[in-house]
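Reviewing the structure listed below.
The values are calculated or read from the model by the stated rules, or taken from the named source; none is laboratory data. Given the structure is predicted, the values throughout are model-derived calculations rather than measurements. Methodologically, a virtual Cβ is constructed for each residue, glycine included, from the backbone with ideal geometry; neighbour enumeration extends over all protein chains shown. Calculation scope for accessible area: heavy atoms of the full protein, side chains included, ligands and nucleic acids excluded. Shrake-Rupley method; radii C 1.70, N 1.55, O 1.52, S 1.80 Å.
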Amino acid sequence: MSKKEILNKYNLNPISIKKKNKVDIINTKDSRFIVKKGNNLNIYDYLKQRNFNNFIYPLTDNNDRYEITEYVDDVKIPDEQRIEDLIYLTSILHVKTTFYKSV
């Protein structure tokens, strides 16, 4: 399925498209979305299964070649707070995805 077909499938009518590195930022009448090639739904499903919900789940399904997620604008917070939040989220991710095995 092409990028245009994916956008039509999810009723996204782009007003403008901006290319940034390997992703396209799609501006629609109501919102903004990111479209990138590839599909990582297995990772998102695994994280949800482990009760880690600190991410935006994609709109697309497993059969699509492209992944569409909502675009989140940067939030103005001090760098110290941003670093502290990143460390906290990384520690939660580590705790929820660690697999212990008896040896």
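Side notes on the structure shown:
- Residue-normalised accessible area of the chain, expressed per residue, 1.4 Å probe, Å²: 79 Å²
- The chain, relative contact order [Cα under 8 Å, separation at least 6], %: 22 percent
- Both the radius of gyration and Dmax for the range 1-87 are 14.8, 43 Å, in that order, over alpha-carbon atoms.
- Taking all protein chains as they are arranged and a probe of 1.4 Å, the heavy atoms of Thr98 leave approximately 30 Å² accessible to solvent.
- Taking 0.36 nm per residue of sequence separation and removing the Cα-Cα distance, the Leu59/Thr90 pair yields an extension gain of 8.7 nm.
- Solvent-accessible surface (1.4 angstrom probe) belonging to Ile56, in square angstrom, nearest 10: 70 Å²
- A 1.4 Å probe, protein heavy atoms only, puts the accessible area of Arg32 near 80 Å².
- Among the listed pairs Lys19/Lys96; Lys19/Lys48; Lys9/Lys29; Lys22/Lys76; Lys20/Lys76; Lys9/Lys37, those whose Cα-Cα separation exceeds 23 Å are Lys19/Lys96; Lys19/Lys48; Lys22/Lys76.
- Rounded to 0.05, the FRET efficiency of the Tyr46 and Lys20 pair, given R0 = 22 Å and the Cβ-Cβ distance, is 0.20.
- In this simple spin-label model, placing a label point 7 Å from the Cα along the Cα-to-Cβ direction at both Asp74 and Asn13 gives a separation of 3.2 nm.
- Each residue, Tyr100 and Lys4, gets one label point 7 Å from its Cα in the Cβ direction; the gap between the two is 5.5 nm.
- 0 to 90° range, to nearest 10: angle between helix 79-97 axis and the chain longest Cα axis: 70 degrees
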